[in-house]
Amino acid sequence: MTQVKDKKEQIQDPHCVAPNLREDHDKGLELLKYLVLGVIFGIVFVKAEIISWFRIQEMFRLQSFHMYGVIGSAVVTGIISIQLIKRLNIRTIHGEEIIIPDKVFRKGQIIGGFIFGLGWAITGACPGPLFAQIGSGYTVVLVTLISALAGTWVYGRFSDKLPN
Amino acid sequence: MEQLIEWIKQPWPWYVAGPMIGLTVPALLILGNKTFGISSSLRHICAACVPAGIPFFSYNWRKEIWNLLFVLGVGIGGFIATFFLANPDTIVISEATQADLASLGITDFTHLLPSDIFTWEAVFTAKGLLFFVLGGFMVGFGTRYAGGCTSGHAIMGISSLQWPSLVATIFFMVGGFLMTHVLMEPLMKLVGF
């Protein structure tokens, strides 16, 4: 019962878009699958040059289709996948029902989204590529990552005082 | 096999990369009922390292270790791709972008990131303050305030047809366009370009 309640609370937590809705806990070696998935993801980020500051500049200057193609085809693939999961009632490999939490509209999506956009154009990276840039040997991006952690912390500290 | 490796070493086109990224969504759902989102990892790191009694960071972050492993994997993947599967040729950047950036003071177009900005020497200068400290802060603050980044909102959110995610994505782009077309030139002049 408490687990179900926890889960509902988590779904309603407006700040967490990536909740863990597995009932059973992932233990030990089982967690490695997420590492492997991350490795594949990181390779794609570098090989498709998504981690490039220049590709982000091309995108915002509307001078290349590349990034729009990447994001667009990722979304189309995602939409088709989720529709298939829903219509075919596909379950997780552990037999659990797949839960996709609804996102609640808040002012933060506008204000925060806008602030992130400003930062995205300067750093040339959203959070995913930050990690891949560091792995690629651009160690100075660690400074950007620490600043991003500071930004996250400051948001958390003052979240109840900001319009939402 | 050699041909395959040669092919992998070339830059991957969008129609290969995009669907692979999109498939992360069902992969995470099917492997463990996980919702795709990367900026959440920043919150979990704060919760693990400096919770400081703040309610926003007071939760069981250990349950979210999967997310931290995922981003660790992204870093390792970046390492593998760069040091073992690197493209032998230099990156091809659109002529128009090169011309625009050259007028802003960027001179090196041969790497994924411009060496005019991304060096350790720049860290303690005005350049570093703008591109790393201020930029990074806005990425961390903004994504958490928005409740997600490109992965959580633009890809996962829109894939599951959530209109608040579409709103967030539109404002990511508005911020990016404003920075690129209006603020970047004066800011770069200010930091010495």
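The values are calculated or read from the model by the stated rules, or taken from the named source; none is laboratory data. These figures come from a predicted structure and were not determined experimentally. Cβ: placed from backbone, ideal geometry, glycine included. Neighbour counts: every protein chain shown. Only protein heavy atoms, including side chains, enter the accessible area calculation; ligands, DNA and RNA are left aside. Shrake-Rupley method; radii C 1.70, N 1.55, O 1.52, S 1.80 Å.
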**Convex hull of Cα atoms in the stretch B:1-107, direction-averaged projection (nm²)** = 11.1 nm²
**Asked** Roughly how many nanometres apart are two label points built 7 Å out from the Cα toward the Cβ at B:T110 and A:I99?
**Response** 5.4 nm
**Request:** List the pair-distance distribution P(r) of the stretch A:88-164, using every Cα-Cα distance, as the percent of pairs falling in each 5 Å bin from 0 up to the bin containing the longest distance, rounded to whole percents.
**Result:** 3, 12, 16, 16, 13, 12, 12, 12, 3, 0
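Please grab the % of Cα pairs in the stretch B:119-193 that end up more than 18 Å from each other. Provide the component values of the computation, followed by the final result.
Numbers: 1385 of 2775 pairs.
Of all Cα-Cα pairs in the stretch B:119-193, 50 percent lie more than 18 Å apart.
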**Asked** At 25 °C and 0.890 mPa s, what whole-number value in µm²/s does Stokes-Einstein give for the translational diffusion of chain B, with Rh from the Kirkwood sum over Cα pairs?
**Response** 126 µm²/s
**Prompt:** Rounded to the nearest 0.05, what FRET efficiency is calculated for A:R87 and A:V36 with R0 set to 35 Å and r the Cβ-Cβ distance?
**Reply:** 0.80
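Work the Kirkwood hydrodynamic radius out for chain A: mean of 1/r over every pair of different alpha-carbon atoms, inverted, in Å.
On the way: mean 1/r = 0.0535 Å⁻¹.
Computed over chain A, the radius equals 18.7 Å.
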**Request:** Using 0.36 nm per residue of separation minus the Cα-Cα distance, give me the extension gain between B:Y15 and B:V182 in nm, one decimal.
**Result:** 57.0 nm
**Request:** Would you kindly find the accessible area of B:T90, with a 1.4 Å probe and non-protein molecules such as ligands, DNA and RNA excluded, rounding to the nearest 10 Å²?
**Result:** 80 Å²
**Request:** Compute the Rg/Rh shape ratio of the stretch A:41-80: radius of gyration over Kirkwood radius, all on alpha-carbon atoms.
**Result:** 1.00
**Message:** Between B:W7 and A:F158, what's the calculated FRET efficiency when r is the beta-carbon distance and R0 is 35 Å? Round to 0.05.
**Reply:** 0.10
**Complete:** Between A:D24 and B:C49, the two model label points (7 Å from Cα along the beta-carbon direction) sit apart by a distance in nm of 3.4 nm
**Prompt:** Computed FRET efficiency, Cβ-Cβ of B:V123 and B:L166, R0 35 Å: what is it to the nearest 0.05?
**Reply:** 0.45
**Prompt:** When N is the residue count of the protein assembly as shown, what does its C-alpha Rg come to as a fraction of 2.2 N^0.38 Å?
**Reply:** 0.94
